[in-house]
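My questions will all concern the structure given below.
Just so it is clear, none of the values below were taken in a lab; they were calculated from the coordinates. This is a predicted model, so every value here is computed, not measured. All Cβ positions, glycine included, derive from the backbone under ideal geometry; neighbour counts span all protein chains shown.
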Amino acid sequence: MIEGQGPITTSGSRKEAIARIRMAPGNGTIVVNGRAADQYFPKGPLRTAIRQPLVVANLEGRFDVIAHVTGGGMAGQAGAIRHGIARALLVLDAELRSPLRKAGFLTRDSRIKERKKYGHKRARKGFQYSKR
């Protein structure tokens, strides 16, 4: 981190979730919406997902992360936080672009819910058909 520079602020998104990330030098605590990440995310894979960019950059335990996330479900929110942390690491050190890009953390996952079509129950499911 550049001397005299304050905390790094970035944002990340996935599906309907948007995360605002504040990252500063510290002892590796991750706080999501005022609660510890282990409390906020009940499932192990989601906890692992938000730490992945720090593991790839070999900086786990060196930065405190404060995340405010809104919208979407648990998986979308975890993906948004991961995206935001990866972007913050990029601001910190531009040489991390290659490993983070290779791991796929810098790409915004563009998959979103498909809209419902008329004449269908949902996006693709049709109504039940009976000949008689």
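Can you tell me, using C-alpha contacts under 8 Å and at least 6 residues apart, the relative contact order of the chain as a whole percent? Walk me through the numbers on the way to the answer.
Working: 234 pairs, mean separation 40.4, N = 132.
Once divided by the residue count of the chain, the mean separation gives 31 percent.
Considering only Cα-Cα distances, which of the following residue pairs are longer than 24 Å: 15/117; 15/125; 43/121?
43/121
Right, something else. If you fit an axis through the alpha-carbon atoms of helix 74-92 and take the longest principal axis of the Cα set of the chain, what angle between them do you get, 0 to 90°, nearest 10?
30
Can I ask one more? Considering only C-alpha atoms, what is the centroid distance from the range 70-105 to the range 1-62, in Å?
9
Then there's this: Find the eigenvalues of the gyration tensor of the Cα atoms of the chain, then list the square roots of 5 times those eigenvalues as equivalent ellipsoid semi-axes, largest first, in whole angstrom. Display every interim value, and only then the final one.
Working: eigenvalues 260, 49, 30 Å².
Over the Cα atoms of the chain, the ellipsoid semi-axes are 36, 16, 12 Å.
Efficiency by 1/(1 + (r/R0)^6): what FRET value for residue 60 and residue 16, r their Cβ-Cβ distance, R0 = 22 Å, to the nearest 0.05?
0.20
Given 0.36 nm per residue, what is the gain on full extension from residue 68 to residue 27 after removing their alpha carbon distance, in nm?
Extra length from residue 68 to residue 27 when fully extended: 12.8 nm.
Where a ≥ b ≥ c are the square roots of the eigenvalues of the C-alpha gyration tensor, would you call the range 8-60 rounded, which needs a/c under 1.5, or, failing that, prolate if a/b is larger than b/c, or oblate?
Verdict is rounded for the range 8-60.
What's the extension gain from residue 35 to residue 117 if we count 0.36 nm per residue and subtract their Cα-Cα distance?
Net length gain for the segment: 25.6 nm.
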